[in-house]
Amino acid sequence: TLSVEVRMARVMRVLAVASASMAVASGFMINAPGPALLGARRISGGMSAGVRKSTMLLGSPNKKGGALTVVKSSGPAPANWEAWAEKAPFYETTTTAPRYQSQDWLLYFSTLFTSPVFWRIFSHLLANTLFAVLVWSAYTFWWPALNTFCAGLTTVPHSLTAGALGLLLVFRTNTAYDRFWEARKLWGALVNYTRDIARIAHVHLTGYEREHFLSCLAIFPSILLQHLQRLEPIYRPTLLSKTQLAAISGCLGDSDVNLLWKSRNRPFTLIKMMTAILRKSNTDVKELSRRWKGGDAGENLNAFETRMMQAALISERTVAERGLTEFCNIMGACERIVKSSIPTSYSRHASRFLSMWCFTLPLVLVHTLKWKMIPVVAIICWMLFVIEEVGHIIEDPFNIHLMVAGSGQEDELRIEASLGVLRGDTFERIPATAPHLLENSGNFITPEDYDPAAFHDDYVKAAGK
């Protein structure tokens, strides 16, 4: 076996040889004679004037190893970014989620008794505290035998089992947080695929096919969230929340909504509707021929244009279909989180273990702490009960509102906050440049055929000047 030093030496020699070979190849290409340069010019012959006149690095063909010279660009005048930075853009930075800060400790401590988590554990905490009061009263006033019994108890059993209790609670909370974080990642993937499919639709679809497809795409996140969430009298008293209604209003007609309301699975029906629109757009001969300026049935297209059209259709449909497939995967994963839970036997055992451990705590502390045992037991029980309850709350991240309704923390995943953003991203017509398409950020339905690449034509015109 070779030593590490020998192996490293061989690797360094191989890298040195490779670097030398690349340097020789680069020098040959830079200092290539006239025909090679002419070949490069022939290759670039089909490119636009703005691209041909872009900045290029060329070597002197007459001098071996000549220095590089810069051919000046004739593109459009560069933008004054400093001046633009002084103007207010549509938005400054992306919205960030609220985060805990160390200086907020006093605020959070002062709101202890208004916390929804506190009131969810209140009955359990009250029962343990009252039992501690009962134990102290019996120990002090009216049950002398308990005095003798508690004097012989020790905290060793609680010390020995505290580790096991801690493991149960930590595993319970970690498992719930895994589900919470998985839901957030799934929704993040949904956001990414929604924008990616919208990108394809804006560029490759036209007319009412484009608008109908974008409408279905824009409401898909809202319909999926409604599919996953349960009703609740305070936060979700109606089938659709105000945020969801704002995100889907004006998108579909009654005939489409009628289909959704009759379907067994509304999000899946939307996916099928988008797939059908995509198929129609890619198989409508007249529309495709009109889009490619090929006459009524493509008779004006030559063989090269026909092959180019076929390649473009295959590419755009493949990307869009892949995105819709991911929608199905995301929907199934979200349903798995909602329809499954942490094993009931585990939750029951953890609850029984915790209750027994806390109910026996006053008996082993009363002889040592006397009346001070009551607040000590209450604080310890509060700490442990809250840890367990946090696991219960975040176990179903799409229905946190059922646990903390009215607290302002119902949208812990910031899902509803993203619905309006996704609708805006889906309908925005930029980079189209027509002024009427930029009104209201493009948040409207229009069958107009516009060129999303018009901005590039503006660039080429400016470069020509």
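A few remarks follow.
- Of the residues making up the range 209-221, not a single one is outside any helix (DSSP H, G or I), of a type outside the set (Ser, Thr, Tyr) and either at pLDDT 95 or above or in contact with a Phe, Trp or Tyr (Cβ under 8 Å, 6 or more places away or on another chain) (or both).
- Checking 338, 377, 319, 404 one by one, the residue that is of a type in the set (A, V, I, L, M, F, W, C), part of a helix (DSSP H, G or I) and closer than 30 Å to residue 162 by Cα is 377 and no other.
- Selection status of residue 147, at pLDDT below 90 and touching a Phe, Trp or Tyr at 6+ places or on another chain (Cβ under 8 Å): yes
- Qualifying residues in the range 424-456 (those that are open to solvent by 70 Å² or more (accessible area, probe 1.4 Å) and assigned to a helix (DSSP H, G or I)) - the one nearest to residue 246 (Cα to Cα): 440
- Of the residues making up the range 212-219, one or more are among the small types (Gly, Ala, Ser), surrounded by 15 or more Cβ atoms within 10 Å (Cβ to Cβ) and in contact (Cβ under 8 Å) with a residue 24 or more places away in the chain.
- A search for C-beta distances below 7 Å between a residue of the range 280-292 that is in contact (Cβ under 8 Å) with a residue 24 or more places away in the chain and any residue that is of a type outside the set (A, V, I, L, M) and not in a helix (DSSP H, G or I), counting only pairs 6+ apart in sequence or on different chains, returns 291/206.
- Any hit, the range 225-247, residues being of a type in the set (S, T, N, Q) and either over 24 Å from the mean Cα position of the chain (by Cα) or surrounded by fewer than 13 Cβ atoms within 10 Å (Cβ to Cβ) (or both): yes
For every residue, the table says whether it meets (1) more than 30 Å from residue 152 (Cα to Cα); (2) modelled with pLDDT of 95 or more; (3) touching a helix residue (DSSP H, G or I) at 6+ places or on another chain (Cβ under 7 Å); (4) of a type in the set (Gly, Ala, Ser).
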{"position": "303", "(1), (2), (3), (4)": "yes, no, no, yes"}
{"position": "310", "(1), (2), (3), (4)": "yes, no, no, no"}
{"position": "334", "(1), (2), (3), (4)": "yes, yes, yes, no"}
{"position": "341", "(1), (2), (3), (4)": "yes, no, no, yes"}
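- Some residue of the range 111-132 being modelled with pLDDT under 90, farther than 30 Å from residue 184 by Cβ and exposed (fewer than 13 other Cβ atoms within 10 Å of the Cβ): no
- Residues being open to solvent by 50 Å² or more (accessible area, probe 1.4 Å) and touching a Lys or Arg at 6+ places or on another chain (Cβ under 8 Å) - total across the range 318-345: 0
- Of all residues in the range 404-423 being in contact with a helix residue (DSSP H, G or I) (Cβ under 6 Å, 6 or more places away or on another chain), at pLDDT 80 or above and of a type outside the set (D, E, K, R), the one that is surrounded by the most Cβ atoms within 10 Å (Cβ to Cβ): 415
- Condition check for residue 345: more than 25 Å from the chain's Cα centre (by Cα), within 30 Å of residue 385 (Cα to Cα) and in a helix (DSSP H, G or I): yes
The values are calculated or read from the model by the stated rules, or taken from the named source; none is laboratory data. Treat the numbers as computed from the prediction; the structure is a model and nothing was measured. Ideal geometry is used to build each Cβ from the backbone, glycine not excepted, and the neighbour counts take in all protein chains shown. When the accessible area is computed, the model is the full protein with side chains, heavy atoms only, and any ligands, DNA or RNA have been set aside. Shrake-Rupley method; radii C 1.70, N 1.55, O 1.52, S 1.80 Å.
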